[in-house]
Amino acid sequence: MASASSGASGLAGRYAQALFDLASERGALDAVAADLEALARMLDESAELTRLVRSPVITRAAAGKAIAALSKSANFNGLTGNFLGLLAKNRRLFELAAMIKAFRSLLADSRGEVAAEVVSAQPLSEKHLAAVADALKAATGAKVALSPRVDPALLGGMIVRVGSRMVDSSLRTKLSKLELAMKGIG
């Protein structure tokens, strides 16, 4: 069972904890983590895949076949493929993004790291990601495991989440605040 300190709670947390425990027992944590990172990128980049995992209309069999084909073409670890097949069978694919996030948190905890999500308007270079990681390490006093994500709606800047703390320096937020201030004047 997931502990309260791991951040793995609810449906997504229970599934992530089960996958984490199996991967740990089989010595496949790094392989499963890499598969889940690739899957997270696929979800971010593919509207069709997002529709597949979120649609209640798609049958279990059709979702299972699609996920099996995806796992095979992406050359996922057998454990990851089986996990995704189980999610399709149990109609739990809609929680996939939350499960990946919970798995990242469990992995970071097991490595003595702090999980941080970095959302930017454009993909960040390795140099910029390293600078963000260094700044977060200095702020938290712990090694940081970054999970970068792209959201073009931000327009510019970034949002950084570490645990329950969030720093939003996105252009979208700054423009929203300016708009509210301008409405208050007139």
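The values are calculated or read from the model by the stated rules, or taken from the named source; none is laboratory data. Keep in mind that what you see is a predicted model, and the values were worked out from it rather than measured. As a convention, Cβ positions derive from the backbone with ideal geometry for all residues, glycine included, and neighbour counts pool all protein chains shown. We work out accessible area using only protein heavy atoms, side chains counted, and drop any ligands, DNA or RNA first. Shrake-Rupley method; radii C 1.70, N 1.55, O 1.52, S 1.80 Å.
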Consider the range 161-180. How many of its residues are surrounded by 12 or more Cβ atoms within 10 Å (Cβ to Cβ) and among the acidic types (Asp, Glu)? 1
The one condition Arg51 fails out of (1) open to solvent by 80 Å² or more (accessible area, probe 1.4 Å); (2) in a helix (DSSP H, G or I); (3) within 17 Å of Tyr15 (Cβ to Cβ); (4) charged (D, E, K, R) is (3)
Residue pairs meeting the criteria (Cβ under 6 Å; at least 6 apart or on separate chains; first touching a residue at least 40 places away in the same chain (Cβ under 8 Å), in the range 120-147; second assigned to a helix (DSSP H, G or I)): Ala121/Pro152; Ala121/Leu154; Ala145/Ala108; Ser147/Arg104
